[in-house]
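Asker: Sending over a structure as C-alpha cells; questions will come in a sec.
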C-alpha cells in the first residue's frame, strides 16, 4: 500500500480565465513542490488539449507519466463539464468532474457529448443535457468512468446551489446510485457536510479547481489516498469504497477562506454572518437587493444534525492555508513576490514538500529553521484556531492574526 496526495480537479490553459501556464510541464513542476503524487490533467474533452496529452503522456496503468519526468507526478485523465438544462419549469446549472481510465474512453465520450455542446469552445464545455442523462451516456461507454458533482455548495453552478436540487437523488434520478463521491468545494468542509444525514453514503472529496499552477492554488485542497497500486483501478476503488484502497483524509482550506462562505455583496463591500443575514431577511443593507446567500447559510438551513457529529467510517480531514499565503502575511508581501518564493522554496527543499511543512514537519525544527512566528501560525492552523475573515460573493477570505509581533522568519541555508 502506498499513501499519495491527489488533486483530481483543475483546469488547463484552454479554460476561460485560466493561466496560460497551465500546461503539463508547469502543472507537473508545481505539483511536485506541493507534494502531489497524482494530479488531474483537466479539460480532457477539449480537442487541442487532448492532442497534447496524447503527444506528451505515457500510459502506466490508466494513470500517466509526462515524457521526460519519470519521477512524476502521475496524471489522471479528468475534466469538468457544465450542464445547463430545463427540468420542469426550472433551469438547472450544475458542474461535474469526470475521470476516465483511458484516452480512448475520452475520445468516445467526446464523440457522444459533442452532440450536446461545442467541446472546442472552452476547456469546461457547456452541455445541454440533464445530469442523469450525462451519467447514463458515460456509463454506456465504460462503467469505470467516474463522475462526481463539483463544489456542491457553491451558490452558482452546483448541485445544491440556487440553480440546483435538494438532493442527489433528485438531480440524478435513476442514475443516483452511480454517484459515489461529492466534492466539498473551497467554502465547505467535511464537518459542515456531516450535519446532513442525507450525505452519509457519499465519500467526500476535496480538490483545488485551480486555474493556475502556482502553489497557492494547485493542491490547495487535495485527497490523501492509500492505494494498493499506482493504477487508475486503485483510485477508482478508493472513490467507490470497494476493495483495499481507501481515502485516508482530505486536505481542506479553512472554509472561511473560500469565495462563497458567508452572505454578502461584492459590489457593496458588504458581508454578514448567517445570524445577521437572518435579521436582514437576506437583503443587502446598502443596495436593498438580495444578498448572495453563501454556503454557511445554505448548509445550516438544510442540516438535520448539530455541527460536531461525525458519521461512522468517515475519513479524516485537516484544514490548511497555503504556505505561500502564510509567508506573504508574515512578510507583509504577496504570494507571488520573489522574497516569498525564496522562503517557500527553501522550506520545501528542507522538508520535502509544502504538505510536509504544513502537515507533518516537527514544529520545533520548523521554528529553528524558519522563525518562531511561522511555527506559531502553523501550530495554530493544525489546531484549527486560525482566525480567517470569511469570503463572500466571489471574494476570498483573509487571514487575520491580531496582536502578532513583527515577523521573525529565519534565514535559510
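The values are calculated or read from the model by the stated rules, or taken from the named source; none is laboratory data. Since this is a predicted model, take the numbers as computed values, not measurements. No Cβ is skipped: glycine too gets one built from the backbone with ideal geometry, and neighbour counts run over all protein chains shown.
Asker: Listed residues 182, 186; which is at pLDDT 95 or above, touching a helix residue (DSSP H, G or I) at 6+ places or on another chain (Cβ under 7 Å) and either assigned by TED's automatic domain parsing to the domain that holds residue 110 or buried (at least 23 other Cβ atoms within 10 Å of the Cβ) (or both)?
Answerer: When all the criteria are applied, what remains is 182.
Asker: Ok, one more. Can you confirm whether residue 222 is surrounded by 15 or more Cβ atoms within 10 Å (Cβ to Cβ), at negative phi, out of contact with any helix residue (DSSP H, G or I) (no Cβ under 7 Å at 6 or more places or on another chain) and not assigned by TED's automatic domain parsing to the domain that holds residue 155?
Answerer: no
Asker: Something else about it: If you go through region 243-278, how many residues are touching a helix residue (DSSP H, G or I) at 6+ places or on another chain (Cβ under 6 Å) and assigned to a loop (DSSP other than H, G, I, E, B)?
Answerer: So the answer is 5.
Asker: Within the group 241, 201, which residue is surrounded by fewer than 19 Cβ atoms within 10 Å (Cβ to Cβ) and in contact with a strand residue (DSSP E or B) (Cβ under 7 Å, 6 or more places away or on another chain)?
Answerer: 241
Asker: If you don't mind, there's one more thing I want to ask. Quick one: which of 340, 377, 369 is closer than 28 Å to residue 38 by Cβ and not assigned by TED's automatic domain parsing to the domain that holds residue 29?
Answerer: 340
Asker: Hey, among 9, 26, which residue is assigned by TED's automatic domain parsing to the domain that holds residue 78, out of contact with any strand residue (DSSP E or B) (no Cβ under 9 Å at 6 or more places or on another chain) and within 25 Å of residue 357 (Cβ to Cβ)?
Answerer: Exactly one residue qualifies, and that residue is 26.
Asker: Do the conditions hold for residue 314, that is, is it farther than 26 Å from residue 160 by Cα and touching a residue at least 12 places away in the same chain (Cβ under 8 Å)?
Answerer: When the stated conditions are applied, residue 314 does not pass them.
Asker: OK, next. Condition test on residue 58, is it assigned to a loop (DSSP other than H, G, I, E, B) and touching a strand residue (DSSP E or B) at 6+ places or on another chain (Cβ under 9 Å)?
Answerer: No.
Asker: Looking at region 279-295 only, could you name the residues that are assigned to a helix (DSSP H, G or I) and within 10 Å of residue 392 (Cα to Cα)?
Answerer: 295
Asker: A further question follows. Regarding residue 63, is this residue under 28 Å from residue 173 (Cα atoms), modelled with pLDDT of 95 or more and surrounded by 17 or more Cβ atoms within 10 Å (Cβ to Cβ)?
Answerer: No.
Asker: Condition first: part of a loop (DSSP other than H, G, I, E, B), under 19 Å from residue 145 (Cα atoms) and either in contact (Cβ under 8 Å) with a residue 60 or more places away in the chain or in contact with a strand residue (DSSP E or B) (Cβ under 8 Å, 6 or more places away or on another chain) (or both). Now tell me which residues in region 80-133 satisfy that.
Answerer: Selection gives 101, 102, 116, 119, 123, 124, 125, 129, 130.
Asker: For residue 44, are the conditions met, namely being assigned by TED's automatic domain parsing to the domain that holds residue 231, surrounded by 22 or more Cβ atoms within 10 Å (Cβ to Cβ), part of a loop (DSSP other than H, G, I, E, B) and touching a strand residue (DSSP E or B) at 6+ places or on another chain (Cβ under 6 Å)?
Answerer: So residue 44 passes the test.
Asker: Looking at region 150-160, is at least one residue surrounded by fewer than 18 Cβ atoms within 10 Å (Cβ to Cβ), modelled with pLDDT of 95 or more and in contact with a helix residue (DSSP H, G or I) (Cβ under 8 Å, 6 or more places away or on another chain)?
Answerer: Within region 150-160, not a single residue is surrounded by fewer than 18 Cβ atoms within 10 Å (Cβ to Cβ), modelled with pLDDT of 95 or more and in contact with a helix residue (DSSP H, G or I) (Cβ under 8 Å, 6 or more places away or on another chain).
Asker: Okay, moving on. It is to be established whether one or more residues within region 352-359 are part of a helix (DSSP H, G or I), outside the structural domain of residue 219 (by TED's automatic domain parsing) and more than 21 Å from the chain's Cα centre (by Cα).
Answerer: no
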